[in-house]
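Trainee: Submitted below is the structure of interest, expressed as structure tokens.
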Amino acid sequence: MSKHLLLFLLLFVLGGQALAGQGEAPAETWTPVRLHAALAAMPEGDAERGARLHDALFCASCHGERGESLSRHWPALSGQRAPYTYKMLLDYRDGLRHEDARAEMMVVLARMMSEQDMADVAAFYAAQPLPGSAPLKKGHPVNDLVRRGDPQRLITPCASCHGVEGQGGRNETPSLAGQRPEYLVRTLKAFRDNTRHNDVHQGMAQFAWDLSDEEIRALAEYYAR
Amino acid sequence: MQRRDFLKALGAGAMLASGLSIKSVFANAAPHVVIVGGGVGGATAAKYLKLADPNIRVTVIEKNPVYLRPYGSSEVLNDHIGMDDLEVRYDRLRDRYGIEFLFDMVTGVDPHRRTVRTAGGATLGYDRMIVSPGIQLLYERIEGYSASVAESRIPSAWIPGTQTRLLRDQLHAMRPGGTFVIVAPPNPYRCPPGPYERGALMAEWFKVHNPTAKVIILDAKDSFVPGPSMLLGWNRLYGYNVPERFQEGMPTEGEWPMKIHDAPGMLDWVAGRDGGRVLSVDPASLSVETEAGRFKADVLNIVPPMVAGRVAFELDLVDGRGYCPIDRRTHESTRHPGIHVIGDACVADAMPKSGFSANTQAKVAARAVVDLLAGRDTQAPLWENTCYALAGTEYGLYVADIFRLVDGRITRMEGPRFLPLDASRAQIRIGALYQQNWMRTFTEDCFA
């Protein structure tokens, strides 16, 4: 465990240097302290009210009636961990998440929502079943990457944060199981190419920087439905 | 042996011989489909033919090397976009799908020999032809109006081009407190919400840049689509008083009620029943004679009656009403076999003349053409249409429909169609986002 911690600390430092070279850092990025405070202040979610908001805000037209995702263009949100959904809504609202033109829709929506609304919608999604699971897949080209990581490239195993079956981890670490592969590919590339930077100290991005297109496709396929 | 039977035999043989290794039934004898008109309908048909089977040779004959998209072109008037933003190029269709383009004008067709001639002197053979000619405006139907008046003084700006820029410049230079008069066209016409959206967008612009200006829409019709939701938007944004006959179902309390304004705002709509029908126009004084009297404009925009585009007449595809009758199942002309007509120019019953309609008709026609070329039975078509419209840049509306073939007619399926009148502010805002996103994704679907 302490080895992991060291690895993290080392990467945070390296990550920070990498970011210094980036052009458009968002106004106020997350720090562990700020994120902890934001999640501690997250209102208690009401899934029933969330269901009504889900209708009223037209979430279903893209994400599906229960967040199951209707097309490759939009991610599945059913079964997603509430702190993750809540944090994403905050990030859209505050301009921290804006990786491509798709994000514009969410920016406008999130700006019309109160934090209570966000927590309620997050609770609604969390109350739905996950769209799939990603158990051990021996012999899969990225099974080792998912389960053991790659010490050569300082990549920790995906499963160590995202769960043994991709069901999500603690706090805001999202579930990946059953996600749209096209969305996972877009997301990993956005992290790798530094167009998405709403993670705490590149907590996710640093593991994507060294991934090849082929690995990204395989990882998406590993976690997809 | 008929060409069709030959293809059928060839198709069946190829499928038997090759099993799954060759998907195309045309691997050995590529049929040629000529598409006349590179607008929304023609471009979509070309792309979807190639998506269905890349072995089909597809040639688009279009007079302009750069297309100006008509959908959303009123947004040039309020500077929401520039003229450049209307430009669409054909590079992607050519490079990505191998579609051939001939920038030329069609002058005639021989439906028996299946050849088409162009002004540039080319003669092309085709196995099937898809014609997507759009519309032409009948300026002379309004006394005092003409194409030359439209180009110089009273633009229609309904087909984007120099008139769009002229109208934009006139509106921006209009004197403070001036009156902008829009004459809406009679049915049927391209883009049902268009004239009303244009009035709304300019009212919004005037509120900032010319707050004492007026916008008057003169109309021979008593209603339009999406009437009540647009009228409610006008009421909320521009102080328009909704006529009583449209008030049913409008919210009178809650988050954003309809109001009755003691002093009505800058935007007014004179319906046919109120005398809005235009009798004549006087270009010199920019005034319009209507059944309700004379209206003097500072900027005058007339959208005249319209019929199928020139080439539809050239190819003898139109009926007495100026549009092209078709077999709805395949969009094949009932006047000339082998030629399919799509888009604003075809008679499509319940479908509006819109870009979205042309796009979905193109997909239906492309699929029918592939089936016919392969000697297969054609499949039951399904069409859809959504007209997005703005009552303001952040106030979106829409009407969404699905159509099926019922008794040989394109028939609208029953169901909810409109953004509800009690829609929340959030839903209305999202409606405007949908409209903006649609502009981008729709252009990609047609042209990339």
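Trainee: If you take the residues in segment A:86-114 that are open to solvent by 40 Å² or more (accessible area, probe 1.4 Å) and more than 16 Å from A:PRO75 (Cα to Cα), which one is farthest from the other protein chains (Cβ to nearest Cβ)?
Mentor: That would be A:ASP94.
Trainee: Would it be correct to say that B:TYR395 is within 14 Å of chain A (Cβ to nearest Cβ), buried (at least 23 other Cβ atoms within 10 Å of the Cβ) and over 25 Å from B:ARG89 (Cα atoms)? Reasoning before the result, please.
Mentor: Numbers: within 14 Å of chain A (Cβ to nearest Cβ): yes; buried (at least 23 other Cβ atoms within 10 Å of the Cβ): yes; over 25 Å from B:ARG89 (Cα atoms): yes.
When the stated conditions are applied, B:TYR395 passes them.
Trainee: Can you list residue pairs whose Cβ atoms sit under 7 Å apart, with the first residue in segment B:324-335 being within 16 Å of B:LEU373 (Cβ to Cβ) and the second being open to solvent by less than 70 Å² (accessible area, probe 1.4 Å) and part of a loop (DSSP other than H, G, I, E, B)? Count only pairs 6 or more apart in sequence or on different chains.
Mentor: B:ARG329/B:THR378; B:ARG329/B:PRO381; B:THR330/B:THR378; B:HIS331/B:ILE342
Trainee: Among B:LYS207, B:LYS221, B:LYS214, which is touching a Gly at 6+ places or on another chain (Cβ under 7 Å) and either surrounded by fewer than 20 Cβ atoms within 10 Å (Cβ to Cβ) or of a type in the set (Phe, Trp, Tyr) (or both)? So that I can check it myself, show each step before the final result.
Mentor: Working: B:LYS207 fails: touching a Gly at 6+ places or on another chain (Cβ under 7 Å); B:LYS214 fails: touching a Gly at 6+ places or on another chain (Cβ under 7 Å).
Result of the check over B:LYS207, B:LYS221, B:LYS214: B:LYS221.
Trainee: Another question about this same structure. Take B:ARG117 and decide whether it is closer than 23 Å to B:VAL40 by Cα and open to solvent by 40 Å² or more (accessible area, probe 1.4 Å).
Mentor: Yes; evaluated as a whole, the condition is true for this residue.
Trainee: Right, another one. Checking the structure you have, find out if any residue of segment B:399-414 is open to solvent by less than 10 Å² (accessible area, probe 1.4 Å) and within 14 Å of chain A (Cβ to nearest Cβ).
Mentor: Taking segment B:399-414 and keeping what is open to solvent by less than 10 Å² (accessible area, probe 1.4 Å), we get B:399, B:403, B:410.
Checking the rest, the ones that are also within 14 Å of chain A (Cβ to nearest Cβ) come to none.
Checking segment B:399-414: not a single residue is open to solvent by less than 10 Å² (accessible area, probe 1.4 Å) and within 14 Å of chain A (Cβ to nearest Cβ).
Trainee: For segment B:288-331, which residues satisfy the criterion of being surrounded by fewer than 17 Cβ atoms within 10 Å (Cβ to Cβ), out of contact with any strand residue (DSSP E or B) (no Cβ under 7 Å at 6 or more places or on another chain) and within 20 Å of B:TRP158 (Cβ to Cβ)?
Mentor: Residues satisfying the conditions are B:PHE313, B:ARG321.
Trainee: Could you figure out which of (1) among the aliphatic types (A, V, I, L, M); (2) within 14 Å of another protein chain (Cβ to nearest Cβ); (3) open to solvent by 10 Å² or more (accessible area, probe 1.4 Å); (4) free of Cβ contacts under 8 Å to residues at least 40 places away in the same chain isn't true of B:MET439?
Mentor: The single condition B:MET439 does not satisfy is (4).
Trainee: Somewhere in segment A:28-50, is a residue within 14 Å of chain B (Cβ to nearest Cβ), surrounded by 19 or more Cβ atoms within 10 Å (Cβ to Cβ) and more than 24 Å from B:LEU419 (Cα to Cα)? Before the answer, list the steps.
Mentor: Applying the first criterion (within 14 Å of chain B (Cβ to nearest Cβ)) to segment A:28-50 yields none.
Within segment A:28-50 (the criterion being within 14 Å of chain B (Cβ to nearest Cβ), surrounded by 19 or more Cβ atoms within 10 Å (Cβ to Cβ) and more than 24 Å from B:LEU419 (Cα to Cα)), the answer is no, since none of the residues qualifies.
Trainee: Also: Mind checking which helices (runs of 4 or more DSSP H) fall wholly inside segment A:57-151 and carry at least 3 residues that are in contact with a helix residue (DSSP H, G or I) (Cβ under 6 Å, 6 or more places away or on another chain)? Let's see the steps before the verdict.
Mentor: Working: elements: A:59-63, A:82-94, A:103-111, A:115-126, A:143-148.
Passing ranges, in order: A:82-94, A:103-111, A:115-126.
Trainee: Sticking with this one: Cβ contacts < 7 Å: first residue on the phi > 0 side of the Ramachandran plot, restricted to segment B:338-350; second residue open to solvent by 10 Å² or more (accessible area, probe 1.4 Å) and at pLDDT below 95, any location; separation 6+ or different chain. Result?
Mentor: What qualifies is B:GLY338/B:PRO111.
Trainee: Same structure, new question: Taking B:ALA345, is it of a type in the set (A, V, I, L, M) and closer than 17 Å to B:ARG409 by Cα? Talk me through it step by step, then tell me what you get.
Mentor: On the way: of a type in the set (A, V, I, L, M): yes; closer than 17 Å to B:ARG409 by Cα: yes.
In short, yes.
Yes/no matrix, rows are residues, columns are (1) over 30 Å from B:ASP274 (Cβ atoms); (2) not β-branched (Val, Ile, Thr):
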position: B:ILE302; (1), (2): no, no
position: B:ALA308; (1), (2): yes, yes
position: B:ASP316; (1), (2): yes, yes
position: B:ARG321; (1), (2): no, yes
position: B:GLU332; (1), (2): yes, yes
position: B:GLY338; (1), (2): yes, yes
position: B:GLY343; (1), (2): yes, yes
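Trainee: Name the residues in segment B:46-84 that are surrounded by 15 or more Cβ atoms within 10 Å (Cβ to Cβ) and either in a helix (DSSP H, G or I) or not assigned by TED's automatic domain parsing to the domain that holds B:ASP371 (or both), would you?
Mentor: The answer is B:ALA46, B:LYS47, B:TYR48, B:LEU49, B:LYS50, B:ALA52, B:SER73, B:SER74, B:GLU75, B:VAL76, B:MET83.
The values are calculated or read from the model by the stated rules, or taken from the named source; none is laboratory data. Note that the coordinates shown come from a computational prediction; the quantities given were computed from them, not determined experimentally. Note that each Cβ is placed from the backbone with ideal geometry, even for glycine, and that neighbours are counted across all protein chains shown. Note: areas computed on protein heavy atoms with side chains; ligands, DNA, RNA excluded. Shrake-Rupley method; radii C 1.70, N 1.55, O 1.52, S 1.80 Å.
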